[in-house]
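Report on one structure; see the data block that follows.
The values are calculated or read from the model by the stated rules, or taken from the named source; none is laboratory data. Keep in mind it's a predicted model, so treat the numbers as computed, not measured. Here the Cβ is made from the backbone with ideal geometry for all residues, glycine too, and neighbour counts use every protein chain on show. Accessible surface areas use protein heavy atoms only, side chains included; no ligands, DNA or RNA. Shrake-Rupley method; radii C 1.70, N 1.55, O 1.52, S 1.80 Å.
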Amino acid sequence: MIAASGVARAGDPKAEQARAHFQQGDTYFKLEKYAPALQEFEQAYLAKQDPSFLYNIAQCHRLMGDRVEAIRFYKRYINDAQTAPNRPVAEKHIHDLEAAIEAEHLTGARPPPPVPVSPASPPAGGGTPTSPGTVVPPPSPPLALNAPPPPPQSDAVLTNSPGAPSPLEEHPIYTKWWFWTAIGGVVVTGVILALLVNRDPSCPSGRQCQ
């Protein structure tokens, strides 16, 4: 960027106005805020038609990526300031910008537009807003207020685990009453059979034979 030559003249309100716009534009330019700097340089040129403002305007267009407008104002600058010391610099900018435009037409490559980031919207019902790209876990299912009772236990007979005694093996068999009843019946039957076998067939019944 170049400063305007002979802008500030005593008693020239237009020159003072152009100088004020130039100084404000120079501040924006140093902060890399090229859009407001461009507006200030345009206002400075409207106040005072100094060719140096055209160069500064071209610089802002070039740095903002507007190649066509940058070429237009560089050419206007070298046309109005043919003896400017930075004329070769302006001509080089024109050559580089035209080559970039030609390459863009041949390849069709264009820089991708910036992706706008939408502001975070608060969730319904209040809560913390989520920023774009935040992965929100799905909400857990609500708990049932009237949960059904658990199913009743099965009536099936549970099998004994290995090593556990069987219900029939809890007491020895000789402690059962029916065991001794059966033993007594066997003994009585055996005595009767023994008497019948040893009875003398020649002895009348009802008598005791020797």
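Quick check on region 20-70: of everything there that is closer than 22 Å to A84 by Cα and outside any helix (DSSP H, G or I), which residue is least open to solvent (accessible area, probe 1.4 Å)? The qualifying residue least open to solvent (accessible area, probe 1.4 Å) is D50.
Taken over region 76-93, the residue count meeting the criterion of being within 51 Å of the chain's Cα centre (by Cα) and either closer than 18 Å to Q49 by Cβ or not acidic (D, E) (or both) is 4.
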